[in-house]
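Please treat every number below as a calculation from the coordinates, not as lab data. These numbers were taken from a predicted model, which means no experiment stands behind them. A quick note on method: Cβ atoms are made from the backbone with ideal geometry, for glycine too, and the neighbour counts reach across all protein chains shown.
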Amino acid sequence: MAEADRRTIAAGTDGYTLMQRAGRAVADACEVMLPGASRFAAVLCGPGNNGGDGFVAARLLKERGWSVSVHVLEPRDPSTGDAARAKADWPGDIHGPDDFDPSAADLVIDALFGAGLKRGLSGQAERLVQRLKDADTPVVAVDIPSGVDGSSGMVTGVAVDATLTVTFGCAKPGHYLYPGRRHRGRLVVSDIGLGPLEPHPATMLNDTTVWLQAFPWPDQDGHKYKRGHTIVVSGSLAHTGAARLAARGALRIGAGLVTLASPKDALSVNAAHLTAVMLREVNGPDDLAELLSDSRLNCVVMGPGLGVGAVTRSLVAVALAPRSDLRDGQSPRACLLDADALTSFSGDAGRLRDLIRSTSGAVVITPHDGEFARLFSNEPAILAGSKLDRSRKAAQFLGCVVLLKGPDTVVADPKGRATISDGGSPWLATAGSGDVLSGFIGGLLTQGMPAFEAAAAGDHLHTIAAKIFGPGLIAEDIPEQLPAALRMLQAEGGAAERGGTQPLTLA
Ligand SMILES: NC(=O)C1=CN([C@@H]2O[C@H](COP(=O)(O)OP(=O)(O)OC[C@H]3O[C@@H](n4cnc5c(N)ncnc54)[C@H](O)[C@@H]3O)[C@@H](O)[C@H]2O)[C@@H](O)CC1
Ligand SMILES: [K+]
């Protein structure tokens with residue numbers, strides 16, 4: 001973001017002009033939020049340019065008839081640069097923090113600190129923010145709620161709870177990553193004329209613009225063998241449901257064929273629950289190796305309900321085994337590892353990395369936070385940092401795509417590309433929903449979708465399907481909502497082809 005700012009200034013727009021535009025965007029948002037007359041805004045201005053934006057907004061609101069009181073942390077703040085100029089242009093009194101009474105105001109503007117904050121609020125700033133949190137007054141945050149780290153969403157100590165956040169140029173990761181996401185209220189991204197961002201952004205909001213171009217719509221003249229064949233490995237008798245959920249997900253999202261590889265003891269229970277999904281007896285790694293000698297089986301999904309231990313480790317090794325049997329035109333087999341397939345490598349991520357690096361096919365792993373922490377328990381450097389950092393480091397370490405689940409799911413690839421999801425559905429916090437997600441992504445890999453795009457698309461469609469169903473959702477419902485989600489996607493695909501859209505960069 002600072003880079004975009006520098007480019008804009010280099011291209012002829014000075015910093016003070018940008019600050020005027022930013023302050024105007026904030027003032028406009030306040031007017032939309034509180035239309036009417038006799039409005040009173042209290043504006044908290046910090047020592048940097050965030051505070052400068054606050055002074056500009058304060059002046060514009062005063063010109064528009066608002067009563068405005070401005071408060072700074074220290075009398076000398078802000079003392080340099082554009083922010084000092086904005087302060088000098090403010091025509092009213094400047095108060096200290098002790099005069100700040102949030103409950104007397106109709107609205108508070110939080111212009112204390114911007115997205116570059118790297119340490120927790122302390123002292124006067126902390127006390128001021130705590131007083132604001134204790135009041136019930138609506139808050140408009142400038143750029144990001146003060147106390148939230150814009151690049152990670154992390155909060156050390158207190159952070160402002162905004163009703164609305166106005167940011168500039170593009171959103172920041174901290175607007176979407178938790179806990180920052182919880183603090184920002186509604187988000188408005190204002191175009192203040194910042195320079196163009198990199199043509200290949202590293203961090204993107206996960207929406208259709210990231211992956212729609214790569215979505216594997218079936219060909220008009222296609223047949224099921226062309227759409228690929230997914231193998232889902234089932235657990236034993238008492239643990240078969242998870243694999244069936246994944247298998248149904250893979251079939252719904254368009255895999256041409258799906259076969260459940262089931263141990264003998266679970267065959268009859270699996271058979272009793274399957275119709276379009278096929279069934280094959282597979283008792284352990286040797287049987288799986290024999291099944292996979294058929295090179296048409298081009299994706300394996302394993303982990304859900306599989307059990308933790310040496311057998312699962314061997315099954316993963318078989319699925320990732322190097323291949324010499326590929327004929328011309330055949331693509332290598334992709335692999336989706338989730339749940340027990342990851343927990344079986346707890347504290348031994350190096351072994352999993354060696355297996356992944358030996359395969360020529362695409363690999364996606366889909367851990368939740370607990371599985372991620374167990375897998376990398378011997379790699380403390382990977383466990384440090386924001387969710388975005390951790391996902392990127394894990395992807396680079398393993399050499400595969402990592403999808404780290406949560407309401408702010410992150411998908412990262414080894415080259416550093418990453419997406420953040422825009423809030424899942426709270427109804428997805430239900431048993432088996434992750435198994436369906438494995439199936440969705442596996443089904444897309446089966447159809448040849450590149451791994452990063454497949455993971456992002458699977459996650460997005462999973463959320464859309466859950467939102468379509470709404471309250472009362474259980475995992476079985478998710479694949480059944482996919483047709484409606486795909487119809488929406490198809491309509492959007494047509495619109496995108498006509499209009500052309502760019503991914504939403506998060507800088
Ligand atoms: N393109 C851009 O980036 C633009 C940015 N603008 C504004 O500029 C802001 C960024 O300005 P700055 O870089 O000056 O950042 P801030 O306004 O957040 O201020 C940084 C100052 O606060 C101090 N500080 C940081 N963390 C602290 C803590 N925990 N406790 C006490 N003091 C702390 C720092 O030492 C520094 O002096 C943005 O948030 C935005 O509001 C706009 O004016 C227009 C364009
Ligand atoms: K702020």
Problem - Segments 68-75, 452-459 sorted - mean Cβ within 10 Å per residue, highest first - result: 452-459, 68-75
Fill in the blank from the handout: Here the convex hull volume per residue of the range 257-298, taken over Cα atoms and given in Å³, is 53
Completion exercise
In the chain the DSSP beta bridges are antiparallel at a rate, in percent to nearest 5, of 15
Handout entry: C-alpha center-to-center spacing [the range 62-84, the range 382-396] in angstrom
Key = 39
Problem - Helix 123-134 vs. the chain, principal-axis angle (Cα, 0 to 90°, nearest 10) - result: 80
Fill in the blank from the handout: Quick note, the range 41-141: a/c under 1.5 would make it rounded; otherwise a/b > b/c is prolate and the rest oblate (a ≥ b ≥ c, C-alpha gyration tensor); here it is oblate
Practice task
Take the chain, compute every pairwise Cα distance, and split them into 20 Å bins from 0; I just need the percent in each bin.
Solution key: 23, 45, 25, 7, 0
Completion exercise
Stretched fully, the stretch from Y225 through A88 gains (0.36 nm per residue minus C-alpha distance, one decimal, in nm) 42.2 nm
Completion exercise
Simple spin-label estimate for R351/H95, 7 Å along Cα→Cβ, in nm, reads 6.5
Problem - Nitroxide proxy distance, nm - points 7 Å out along Cα→Cβ at A491 and F40 - result: 4.8
Handout entry: Computed lengthening from D294 to R119, 0.36 nm per intervening residue step minus Cα-Cα distance
Key = 57.5 nm
Problem - Among 436-448, 410-422, 334-346, 22-34, the order from most to least packed when residues are scored by Cβ within 10 Å on average - result: 436-448, 334-346, 410-422, 22-34
Problem - Extension gain from S103 to A429, taking 0.36 nm per residue of separation minus the Cα-Cα distance - result: 113.7 nm
Problem - Ratio Rg/Rh, restricted to the range 115-218 and using Cα atoms, in which Rh is the Kirkwood radius - result: 1.07
Fill in the blank from the handout: The answer for the net charge of residues other than R127 whose Cβ lies under 14 angstrom from its Cβ, with Lys and Arg +1 and Asp and Glu -1, is -4
Problem - Gap separating the Cα centres of the range 30-55 and the range 333-351, nearest whole Å - result: 50
Completion exercise
Rounded to one decimal in nm, the spacing of the 7 Å Cα→Cβ label points at S331 and L383 is 3.6
Handout entry: Pairwise FRET efficiency - V189 versus R323, Cβ, R0 = 35 Å, nearest 0.05
Key = 0.15
Problem - Relative pair counts by distance (%), Cα atoms of the range 2-197, 5 Å bins - result: 1, 9, 18, 23, 22, 16, 8, 2, 0
Problem - Neighbourhood net charge (12 Å Cβ-Cβ; Lys/Arg +1, Asp/Glu -1) for A27 - result: +2
Practice task
Compute the long axis of helix 433-446 from its Cα atoms, compare it with the longest principal axis of the Cα atoms of the chain, and write down the angle in degrees, 0 to 90, nearest 10.
Solution key: 70
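I need the peptides 349-359, 396-406 ranked by packing, meaning the mean over residues of other C-beta atoms within 10 angstrom, with the highest value on top.
Descending mean neighbour count gives 396-406, 349-359.
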